[in-house]
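As structure tokens, the structure follows; a few thoughts come after it.
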Amino acid sequence: MDALLSYHPRDFLLFSPRVYWALVTGNNESWWPLAILAPLAGVLVVWLIARRGSQGRRLALASAGALWWFVTWSFLWQQYRAINWAVDWAIPALVILGALLLVFAMTTGPVTACRPHRYRIGLMLVIWGTLIHPLGFLLDDRRMQAADTWLLFPDPLALTTLGIALTTLAGWRLALALPVPLLWSMTGGATLLGLESPIGWAMLIAAGIAVAGWLPLTQSQRGTC
Amino acid sequence: MADQWSLQRRRLLQGLAAGAGLSALPFSLARAQDSGPLTRPLPTADITLPTVGLGTWITFNVGNNQRLLDNCADVMAAFFEGGGAMIDSSPMYGSSQNTVGYGLDKLNAREQVFSADKIWTRDADQGRQQSRESAELWQVDRFDLLQVHNLVSWRAHMDTLRAMRDDGAVRTIGITTSHGRRHREVERIMDSEPIDFVQLTYNPVDREAEDRLLPLAREKGIGVIVNRPFRRGALTERLASEPLPDWAGEVGAESWAQLILKFILSHPAVTCAIPATTRVDHVRENLAAASQPLPDQALRARIADTIRAL
Ligand SMILES: NC(=O)c1ccc[n+]([C@@H]2O[C@H](COP(=O)([O-])OP(=O)(O)OC[C@H]3O[C@@H](n4cnc5c(N)ncnc54)[C@H](OP(=O)(O)O)[C@@H]3O)[C@@H](O)[C@H]2O)c1
């Protein structure tokens with residue numbers, strides 16, 4: 001225990017903020033203009049979910065699934081892995097998550113019942129992941145070019161995925177879809193705190209809120225919320 | 001690898017030491033060359049090392065970013081220009097080994113480096129293979145020093161390292177720890193295993209090593225490499241806003257970093273300290289601290305008391 005207490009959060013990180021945000025900036029440049037299209041895509045997903053049609057829900061799920069494959073390949077595999085070998089453990093789980101979301105997108109039927117608190121929390125998480133999280137650059141030393149958006153980076157994508165899952169899935173499908181983005185939000189949040197970025201707290205809180213969304217805190221209502 | 005510089009410097013050192021009567025001292029200190037850093041001999045091998053080396057944890061883990069790779073190569077260039085030799089890395093440090101390899105290649109500095117790397121795997125059979133992969137990343141034929149990182153599976157790796165040293169696949173071997181952890185086990189290994197180096201944390205606030213490990217290293221003729229001299233920057237950051245006391249000038253220290261390094265190097269058991277940095281000015285400043293005069297007992301106590309109190 002004493003040995004564990006002798007560590008500082010940043011002792012668990014292999015890299016410095018300077019290097020991580022340089023990596024983010026470089027990735028934004030490589031995939032330009034996805035970084036500026038991301039908030040627009042976020043608004044579109046919020047609209048799709050708010051419309052409550054089953055096609056929109058499927059599209060939101062499919063986009064999250066495809067994005068996990070894209071982000072895992074383009075950022076985690078091609079770039080982040082070079083500075084953080086620990087991500088090797090996460091990559092298979094993220095690939096499976098992408099596949100799972102794509103399968104759910106093809107197979108889920110229309111919503112017949114939902115819990116109001118779950119829906120509201122889910123919608124809030126989608127807004128948080130797609131529109132608010134990237135503004136984290138305002139809270140630390142980063143420039144806008146190092147803003148991390150949900151189309152390109154796993155942290156905001158994990159928050160968005162939690163939101164999409166809570167608003168579009170139920171039962172065992174929801175139980176299968178939540179653990180990986182939850183775990184990513186927690187480790188991502190801890191990593192950001194290690195990088196001395198206060199937005200890490202927001203990620204940890206969001207993970208807690210997502211768990212609250214999952215719990216059956218309100219009665220399930222027939223029809224859509 | 002490091003043969004050339006060590007031999008040249010050793011001759012120079014012997015000449016200087018004899019001339020100055022330094023060989024009569026219990027622990028001889030001398031400058032290897034007029035402008036270079038102080039050097040110290042390793043008792044178990046025919047090696048003399050500059051007393052300030054270069055760490056690579058965090059600072060050299062820059063991935064494939066070309067600008068940052070070149071920045072690290074600049075740090076290495078200043079390090080070698082200033083007479084530095086030992087660079088320490090590990091398979092645990094992300095892309096740091098690759099960065100060192102990039103720098104050595106770019107600077108054509110394989111002859112200047114004293115390459116210190118580590119075995120870091122729980123798999124007892126993987127030690128040799130991992131060291132080969134590490135050497136490829138460093139772009140060197142063999143390492144000057146291989147250490148068991150944080151004592152991970154040390155018994156098995158120690159067998160491998162001893163065999164490698166016997167084969168000439170590595171020049172020297174050792175173990176590492178940090179943050180004052182597992183000192184009892186380190187002591188047992190130092191007592192029972194024929195190691196050339198022990199790497200541990202030592203600075204004016206982390207002084208546990210003074211109790212047993214440093215005296216034992218002296219007794220056994222084991223070289224001591226000091227990691228975390230600045231507590232990974234926390235110490236220098238904390239002191240940055242404090243004025244440097246006037247008496248720091250007595251040992252020629254012009255910054256807190258230099259005062260800390262001079263404190264470390266003034267312990268007679270220490271062979272070298274390996275501060276890590278991303279900055280060319282810092283690497284120069286650190287190397288410049290490897291110079292006489294070093295603090296005596298009274299000044300050492302004053303440095304430690306002052307820094308602890310701030
Ligand atoms: N168990 C093990 O085997 C083990 C454990 C820990 C460390 N190590 C080795 O020991 C090396 C050193 O330890 P460390 O990297 O943890 O910490 P450290 O050397 O105590 O501190 C590094 C920090 O000090 C700052 N610094 C360097 N020179 C400075 C100066 N002249 N003035 C002000 N700040 C200065 C650097 O910032 P700038 O970039 O701004 O200069 C850097 O962030 C490691 O890199 C690693 O190779 C081994």
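The values are calculated or read from the model by the stated rules, or taken from the named source; none is laboratory data. The structure presented is a predicted model; accordingly, all values stated were derived computationally and were not measured. Because the Cβ atoms are built from the backbone with ideal geometry, glycine has one as well, and the counts that use them run over all protein chains shown. All accessible areas refer to the heavy atoms of the entire protein, side chains included, with ligands and DNA or RNA removed. Shrake-Rupley method; radii C 1.70, N 1.55, O 1.52, S 1.80 Å.
Take the Cα radius of gyration of the range B:98-168 and divide it by 2.2 N^0.38 Å, with N its residue count; two decimals is plenty. Spell out each step's value before the answer.
On the way: Rg = 12.4 Å, N = 71, 2.2 N^0.38 = 11.1 Å.
The value comes to 1.12.
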Checklist entry - Over the range A:41-216, what relative contact order in percent results from Cα pairs under 8 Å that are six or more residues apart? => result 25
Checklist outcome for this item: Long-range share for the range B:215-310, i.e. C-alpha pairs more than 23 Å apart as a percent of all pairs, stands at 21
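Can you give me the Kirkwood hydrodynamic radius for the range A:13-74, using every pair of distinct Cα atoms, in Å to one decimal?
13.5
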Item to check | Under 25 Å from B:Lys118, Cα to Cα: lysines that are on another chain or at least 8 residues apart | outcome: B:Lys106, B:Lys220
Item to check | Largest to smallest principal axis extent of the C-alpha atoms in the range A:1-106, angstrom | outcome: 54, 33, 23
Item to check | Peptide A:18-26 - average C-beta neighbours from other chains (10 Å radius) | outcome: 4
Checklist entry - So which aspartates and glutamates pass the test for B:Lys262, namely a Cα distance under 13 Å, with those fewer than 8 places away in the same chain ruled out? => result B:Glu250, B:Glu254, B:Glu285, B:Asp296
Checklist entry - Which residue fluctuates the most in chain A, going by a Gaussian network model with Cα springs under 10 Å, if the choices are A:Ser185, A:Ser63, A:Ser30? => result A:Ser30
Checklist outcome for this item: Mean-square fluctuation maximum in Gaussian network of chain B, Cα pairs under 10 Å, restricted to B:Ile175, B:Ile58, B:Ile87, hits B:Ile58
Next on the checklist: What number results when the radius of gyration of chain B, computed over Cα atoms, is divided by 2.2 N^0.38 Å?
Outcome noted: 0.93
Checklist entry - Mind checking which helices in chain B clear 24 Å along their axis (Cα) and have mean Kyte-Doolittle hydropathy of -1.0 or more, DSSP H runs only? => result B:3-20
Checklist entry - Stokes-Einstein at 25 °C, 0.890 mPa s, Kirkwood radius from Cα pairs: D for the protein assembly as shown in µm² s⁻¹? => result 96
Next on the checklist: So if I take the centroid of the Cα atoms in the range B:232-265 and the same for the range A:28-102, what is the distance between those two points in Å?
Outcome noted: 48
Checklist entry - Between A:Ile132, A:Ile49, A:Ile199, which gets the highest mean-square fluctuation from a Gaussian network model of chain A, Cα cutoff 10 Å? => result A:Ile132
Checklist outcome for this item: Per residue, the convex hull enclosing the alpha carbons of the range A:41-216 has a volume in Å³ of 101
Checklist outcome for this item: By the Kirkwood definition, with r running over pairs of different Cα atoms, the range A:39-84 has a hydrodynamic radius in Å of 11.8
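Restricting everything to alpha-carbon atoms, can you work out Rg to Rh for the range A:132-188 with a Kirkwood hydrodynamic radius?
With Rh from the inverse mean 1/r over Cα pairs, Rg/Rh is 1.08.
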Checklist entry - Ordering A:Trp89, A:Trp201, A:Trp21, B:Trp57 from largest to smallest accessible area (1.4 angstrom probe), what's the sequence? => result A:Trp89, A:Trp201, B:Trp57, A:Trp21
Checklist outcome for this item: Buried accessible surface, A vs B, both sides, probe 1.4 Å, in Å² to 100, equals 1600
Checklist entry - What 222 nm value per residue comes from the helices of chain B, counting each DSSP H run with n ≥ 4 as -39,500 (n - 2.57) and dividing by all residues, nearest 500 deg cm²/dmol? => result -12500 deg cm²/dmol
Item to check | Overall Cα dimensions of the range B:130-178 - principal axes, largest extent first, Å | outcome: 26, 23, 15
Checklist entry - Which residue, chosen from A:His133, A:Gly56, A:Gly122, occupies the Cα position most advanced towards the positive end of the dipole of chain A, where the dipole is computed from +1 (Lys, Arg) and -1 (Asp, Glu) charges on Cβ about the Cα centre? => result A:Gly56
Checklist entry - Which three semi-axes in whole Å describe the equivalent ellipsoid of the range B:33-161, each the square root of 5 times a Cα gyration tensor eigenvalue, listed largest first? => result 24, 20, 11
Next on the checklist: Regarding the range B:174-224, what's the average projected area of the Cα-atom convex hull, expressed in nm²?
Outcome noted: 3.0
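Place a +1 charge on the Cβ of each Lys and Arg in chain A and a -1 charge on the Cβ of each Asp and Glu, then give the dipole magnitude about the Cα centre in debye, rounded to the nearest 20.
That gives a dipole near 1020 debye.
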Checklist entry - Along the positive direction of the dipole of chain A (beta-carbon charges: Lys, Arg +1; Asp, Glu -1; about the Cα centre), which of A:Gln221, A:Trp150, A:Ile96 reaches farthest? => result A:Gln221
Checklist outcome for this item: Per-residue average of other protein chain Cβ atoms inside 10 Å, peptide B:57-70 -> 5
Checklist entry - Using alpha-carbon positions, what is the distance between the centroids of the range B:53-105 and the range B:158-217, in Å? => result 24
